[in-house]
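Quick notes on the structure that follows.
Every number in this text was worked out from the coordinates using simple rules, so none of it is lab data. The structure displayed is predicted, hence computed values, not measured ones. Neighbour counts run over all protein chains shown; Cβ positions are idealised from the backbone, glycine included.
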Amino acid sequence: MYASVFAQDVVSPHLFEEMEMVKEERGTSVNLFLTVGYDHMANKAFSDKIATLGHTALPSDFMTTGFGFSLVRERWTILNLDINLGRATEFNDMPDFNTSLFFSHLKAGVGYNILDVQHQFRLEPGIGIVYGNGRYQIQPSHIETTFEEALGIPNFYELNLRQNNYGFNFNLTFSQNQFFNESKVLTNFFGLEVGTNLMLLSSAITPTFKDSPNFNLSTFYVKVKINVLSP
């Protein structure tokens, strides 16, 4: 009891108030992160159609990169926003032509930590909405014509097919719990996320063709999230 009275006399009451404020502020944290992952995208209807026309079927496996941020509390991730990018080039077997496939997924979602808030790790089922954009491009590797001829006559020199997708994201994230040891800024250094982007709606392919199949960007993915800032 004497020690307690002595501490209150020596330490300013304002210091105790400031410590309590810091503790309360620590209840919410913003994480900025980079991602590296693997995506599997079947895209069967579009891939099968171009294969019947003599083109190489689309690849289904991609390495992806991305970045994002999340707003986290002890129990909830109340906002997780990230974008992931994938690309494949020169996979067409047709001579004298180069092909490329590019896609992106922009996700906004929430998660709930099902482990104890004092546990060293977090395990969070999550759900969100996702926007996808895809581009399939074919272009000749060499154009043997003059500048005037290329611009002066309507001819095929490059084709870009684009489509937007909209759907839901379902995921499960395993990460370190940054609230387990509040004295370490980098406690929440990594995360592992497994999930699927389920595309349910799509816009028309651009340029518009009356018989074009959907460019479905639904994927199954695994990615590692590496925090670069976790205050």
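A few comments on the model shown:
- Using the Cβ-Cβ distance between His119 and Arg87 with R0 set to 35 Å, the FRET efficiency from 1/(1 + (r/R0)^6) comes to roughly 0.40.
- Measuring r between the beta carbons of Ile129 and Asn160 and using R0 = 30 Å, the FRET efficiency lands at 0.70.
- Here the dipole of segment 54-138 is about 360 debye; that uses its Cα centre as origin and unit charges on the Cβ of Lys and Arg (positive) and Asp and Glu (negative).
- Projection of the Cα convex hull of segment 30-183, averaged over all directions and equal to a quarter of that hull's surface, yields 12.1 nm².
- Rough spin-label spacing in nm, given labels placed 7 Å along Cα→Cβ, for Tyr38 and Ser141: 2.9 nm
- If R0 equals 35 Å, the separation of the Cβ atoms of Leu79 and Asp211 corresponds to a calculated FRET efficiency of about 0.30.
- Each part gets one Cα centre, and for segment 89-108 versus segment 37-63 those centres are 9 Å apart.
- The per residue volume of the convex hull around the alpha-carbon atoms of segment 29-95 is 96 Å³.
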